[in-house]
Amino acid sequence: GGRQRPLIAGVGARMSGRPNPMHAAHAMPGLVPVESYDGLLDVALDDGDVPGKSVPRPPARSRAMLAACTLVVALFVLLVAFGALLGKATHSSPIFTPRISANNSGPLVPGAQMMRGVNLGGWLVLEPWIAPSLFYQFLDSDTPAVDEKTLCAMLGPEESRRQLTAFRDAWVTEETFVKLQRIGINTVRLPYGYWVFGDQPSFCPNVTSIGYMDQAVEWAEKHGLRVVLDLHGVPGSQNGFDNSGDSHKAPFGAPLDAHEWMMPENAEIAIDVLRRVARRYKHSSAVVQMGLVNEPIGFALS
């Protein structure tokens, strides 16, 4: 057939750039020495190539850079596509969109106002991850306070009352309700514990928070917000988390007995607190719902 291209004749000098005498001595017609990162190569000439002229070969680093840039661009395109899909989902998913009636005219209950609410967490039931500053004082303790129960036990009633009063006076104020109403929030969920009246001997004795609950309900009525009162902690702890006021999490908490909170004596205390709270706010225009117990551990219920 046609003219057969000569093959590479051999490898010459390395990166030093010095000529290889063996290479020059054995040069073949139709081959030209080319300098590269791998050395001097005899490369076949195409028609129109000029003998003695170096033909550049892309260095390995440039090829790696090109591959990296291509990968970055591909990842950017994927992120943009994912962001677009996520944005669409947040506007169309029922998780983010309030349910409406079949005719799309309003809430499921005719004439009802859609609930748009927030949780006033960490206020009347301490949670270290929400208000960690109260727990910094125990960092050097062998057994630090990890919840509201152990905080009161380590500080004692008088100091507990002093610190919790200062904290609760500042954490939520009337201005909080004003701002929430201004941005379109119409409902607040207010967690509280079975020790809210300060009359539980084993849990923050003589440290009451019922006055703050009264104040929150009053502010809600004044500024047109609704309140969901949620019993967040019951005797024996319904889940062993710090949001029950009594953490059983290792290494500082004792093992949780998942059925203790349902023992008759503990259940009666919780029910009595619910009755007292219901009677207290039965005439309130703001309180619209009461939660019986927050996040009870599932397998105990079954």
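The values are calculated or read from the model by the stated rules, or taken from the named source; none is laboratory data. The structure displayed is predicted, hence computed values, not measured ones. Every residue, glycine as well, gets a Cβ built from its backbone with ideal geometry; the counts of neighbours run over all protein chains shown. Side chains included, ligands, DNA and RNA excluded: accessible areas come from the protein's heavy atoms. Shrake-Rupley method; radii C 1.70, N 1.55, O 1.52, S 1.80 Å.
Candidates are the residues of the range 277-302 that are of a type in the set (Val, Ile, Thr) and open to solvent by less than 50 Å² (accessible area, probe 1.4 Å); the one that is modelled with the lowest pLDDT is ILE297. Remark: pairs (first residue in the range 126-150, closer than 19 Å to ASP169 by Cα; second residue modelled with pLDDT of 95 or more and open to solvent by 90 Å² or more (accessible area, probe 1.4 Å); Cβ separation under 8 Å; 6+ apart in sequence or on different chains) = ALA131/TRP171. When residues in the range 214-254 are screened for being among the hydrophobic types (A, V, I, L, M, F, W, C), modelled with pLDDT of 95 or more and assigned to a loop (DSSP other than H, G, I, E, B), 2 of them pass. What number of residues within the range 255-276 satisfy the criterion of being surrounded by 12 or more Cβ atoms within 10 Å (Cβ to Cβ) and part of a loop (DSSP other than H, G, I, E, B)? Matching residues across the range 255-276 total 5.
Across the range 135-154, the number of residues qualifying as open to solvent by 40 Å² or more (accessible area, probe 1.4 Å) and part of a helix (DSSP H, G or I) comes to 6.
Taking the criterion of being open to solvent by 60 Å² or more (accessible area, probe 1.4 Å) and at pLDDT 95 or above, the only residue of the range 202-213 that qualifies is THR208.
Residues that are over 19 Å from GLU127 (Cα atoms) and touching a strand residue (DSSP E or B) at 6+ places or on another chain (Cβ under 6 Å) occur at least once in the range 187-202.
Scanning the range 180-199 for residues being crowded, with 19+ Cβ neighbours inside 10 Å, in a loop (DSSP other than H, G, I, E, B) and not hydroxyl-bearing (Ser, Thr, Tyr) gives a total of 2.
Go through the range 218-242 and give me each residue that's of a type in the set (S, T, N, Q) and touching a helix residue (DSSP H, G or I) at 6+ places or on another chain (Cβ under 6 Å).
SER237, GLN238
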